[in-house]
Every structure is written in C-alpha cells, then in structure tokens.
Amino acid sequence: MHTNDGMVDALRSFGWITSKKVEAAFRKIDRALFVESGDYAYFDMALPTKSGQTISAPSVVATMLEWLDVHEGMKVLDVGSGSGYNAALLSELVGAKGQVVTIEKYPELGELAKMNIAKLGTGNSEQKTGNIIYVVGDGSEGCGKYAPYDRIVVTAGMPWVDETHPLVKQLRPDGKLVAPVGERHFQGLIVYDKKTGRQLKVLDVMFVPLVGKYGFSE
Ligand code: SAH
C-alpha cells in the first residue's frame, strides 16, 4: 500500500468506510503527514506518533467517524489530539461553518497536532483547517468553555460512561458520543446516543488510557 488513495480504496472494499463524506475526508487528509515513519503510513495498523503515543489504525478511525455521523456545520469535541489526524478528518467533515475543538492533556502533543495539521496547508491551498480550536487540558472533563457539542469523540480508553458523565452533560440533547470504554488497555468501542440513553458496542479495541479526573490514574 503506497498511496493514501490506495489505503482509502482498501478501507472501502473491506467495508470500514461506507459513506461518501467519510471517504472524501480520508482522501483529502494524507495519513503520512501524521506518522513518525512514512513507510507504513498507509497500512491498516496503529503507528507511533512523534512523542511516543499512537495514531489508531485507519479502520478504527473510519469506524468511529462513520458511527459519529457528523454533519456539516456541527460542533465536535475531539478528546486526545495526539497526532491531529482525527481532528483534521473532523475538520473536513464539519466544513467551514462547523467547528472542531480538539483537547490534549500533554502540551507537547497539542503542539504536535497543530504542527501536523499546519502541514496540510502547504501545497494545498484548498485546505481549510481554520475551524479547529486547540486546547490543552484534561479532556476527561470535556471542555466546558465551548460546550454544548453535537458530537464528542474520545480517542483514549475511558473507564465508564453514563448520563452523569461530564462528557455526556456537554452533549446537546440529540448528541452522540463515540468512545472506547472499558479497562485500562482493552475497551469496547461504544456509541452513546443521548436522546435514547442507549449504548451500542460496535467493536473490540485497544486504545491508550484516558488519564485524568474521569479517566485512569497516571
Ligand atoms: N486522535 C489521535 C490519537 C490519540 S492517542 C490521533 O488522531 O492521532 C490518545 C491521546 O489521548 C494521546 O495523545 C494522549 O496523550 C491523550 N490523552 C490521554 N488522556 C487525556 C486526557 N485526559 N485529556 C486529553 N487527552 C488525553
């Protein structure tokens, strides 16, 4: 797999990408700009980012974004900026009228996300990532400053979720949250629908732990 388009074709043929809008976002955002070693950029595997964290496998990112069901103009909270890849894809999905708030606990990773996303600007004047707000802080508490959100996506494993969780409280009444929920190293990917209060488990996943007040200990 040597091109971003080749990766997207494979994600489509295996059924990880099902919608036109998620496909378009994946085609626009080159994964190679977000990983440490370009050699494996287009393989369906988790990879190290520059500061020892990981960028999820593209099939998992695609599954999360398909279930998140993002529409143009929405406000989305992205918890765990990491490399910035997910935030960049969300930026495409919400469009110029929407907003992405991406929150990262570690300042050096917040910077990494910002730097990686800035690379998209070069050589591609169409890229509009001015709709991203970068925040450094404990995303297990959400980000009250910009709440409420239409959608929240968490890309680190959280221990629990229910209607009393601060992240759920920061969702609009018809909002949805997609997050890995479970143990420190193994989780189920959960789609939480605030309107019905129902949780659907869609995939077994392994994310790094969400560390913080409503997450795991350091
Ligand atoms: N979405 C990222 C991958 C995230 S990896 C990408 O597309 O590359 C998980 C990230 O969550 C790590 O960067 C980790 O530092 C961050 N993290 C862990 N606990 C957090 C917390 N309480 N608030 C915000 N970010 C957190």
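Cross-link pairs exceeding 21 Å between alpha carbons, from the set LYS145/LYS169; LYS75/LYS194; LYS169/LYS194; LYS176/LYS201; LYS21/LYS97: none present. Result for the chain in a Gaussian network model with C-alpha springs under 10 Å: among LEU203, LEU33, LEU167, the largest mean-square fluctuation is at LEU203. Our coupling estimate for the stretch 7-13, obtained by passing each phi through the Karplus curve with A = 6.51, B = -1.76, C = 1.60 and θ = phi - 60°, is 4, 5, 4, 5, 4, 6, 5 Hz, Gly and Pro reported as x. Net length available on complete extension from GLU108 to GLU36 is 24.4 nm, with 0.36 nm assigned per residue and the Cα-Cα distance removed. Kirkwood radius and radius of gyration were both taken over the C-alpha atoms of the chain, and their ratio Rg/Rh is 0.93. For the stretch 24-98, the extents of the C-alpha atoms along the principal axes are 34, 21, 20 Å, listed from largest to smallest.
From the Cα gyration tensor of the stretch 1-53, with a ≥ b ≥ c the square roots of its eigenvalues, which class applies: rounded if a/c is under 1.5, or else prolate if a/b is larger than b/c, or else oblate? It is prolate, given that a/c is not under 1.5 and a/b is the larger ratio. Listing GLU141, GLU104, GLU72 from fewest to most neighbouring C-beta atoms within 10 Å gives GLU72, GLU141, GLU104. The alpha carbon centroids of the stretch 29-90 and the stretch 133-212 are separated by 16 Å. Put in line by how crowded their Cβ is, counting other Cβ atoms within 10 Å and starting with the fewest, VAL79, VAL202, VAL211 read VAL202, VAL211, VAL79. Counting every other Cβ atom within 10 Å of each residue's Cβ, MET64, MET74, MET206, MET45 order from fewest to most as MET45, MET206, MET74, MET64.
Where a number appears in this text, it was derived from the coordinates with a stated rule and is not lab data. Fair warning: this is a prediction, and the values are worked out from it, not measured in the lab. As a convention, Cβ positions derive from the backbone with ideal geometry for all residues, glycine included, and neighbour counts pool all protein chains shown.
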